[in-house]
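Structure, as structure tokens:
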Amino acid sequence: MMLRSGRPDEAGLDPERLARIAALLQGAVQEGAFPGAVAQLPRRGIVALHSATGQAAVVRESVRIAPTTLFDLASLTKIVATTTAMLILLDRG
């Protein structure tokens, strides 16, 4: 299946709830929880959310993060557990 960019409502998703995901990630970056994050949410072949915030790594020279930034996935447990927990909490309101 090919994905295409689109609006959240085209994918049957609430734009306000998706905006909360991006804001949550941005807030966590600003609080120092992690240096940066990229969120992508495809549904029904439509990428309803694709946002990036923060830095790819905390190093002497910062690299601005973009939706296409590649990350070192040395610890997938943190990523999978955190993402799952965040989505559960978001779903519960």
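The values are calculated or read from the model by the stated rules, or taken from the named source; none is laboratory data. As the structure is a computational prediction, the values presented were derived from the model and not from experiment. Note that each Cβ is placed from the backbone with ideal geometry, even for glycine, and that neighbours are counted across all protein chains shown. When the accessible area is computed, the model is the full protein with side chains, heavy atoms only, and any ligands, DNA or RNA have been set aside. Shrake-Rupley method; radii C 1.70, N 1.55, O 1.52, S 1.80 Å.
Numbers for the structure displayed
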read-out: 0 to 90° range, to nearest 10: angle between helix 15-30 axis and the chain longest Cα axis; value: 10 degrees
read-out: Residues with amide H under 5 Å from that of Ala56, placed H, sequence gap 5 or more; value: Val63, Ile65
read-out: Amide H contacts under 5 Å for Leu49, placed H, 5+ residues apart; value: Leu41
read-out: Ordering of 83-92, 27-36, 40-49 by packing [mean C-beta count within 10 Å, highest first]; value: 40-49, 27-36, 83-92
read-out: Cβ charges +1 (Lys, Arg) and -1 (Asp, Glu), total dipole of segment 2-50, debye; value: 200 debye
read-out: Segment 4-93, Cα convex hull volume normalised per residue, Å³; value: 107 Å³
read-out: Simple spin-label estimate for Gln30 and Asp91 in nanometres, 7 Å along Cα-Cβ; value: 2.8 nm
read-out: For the chain: accessible area per residue (Å², 1.4 Å); value: 74 Å²
read-out: Most fluctuating residue given options Thr68, Thr53, Thr77, as computed from a GNM of the chain linking Cα atoms under 10 Å; value: Thr77
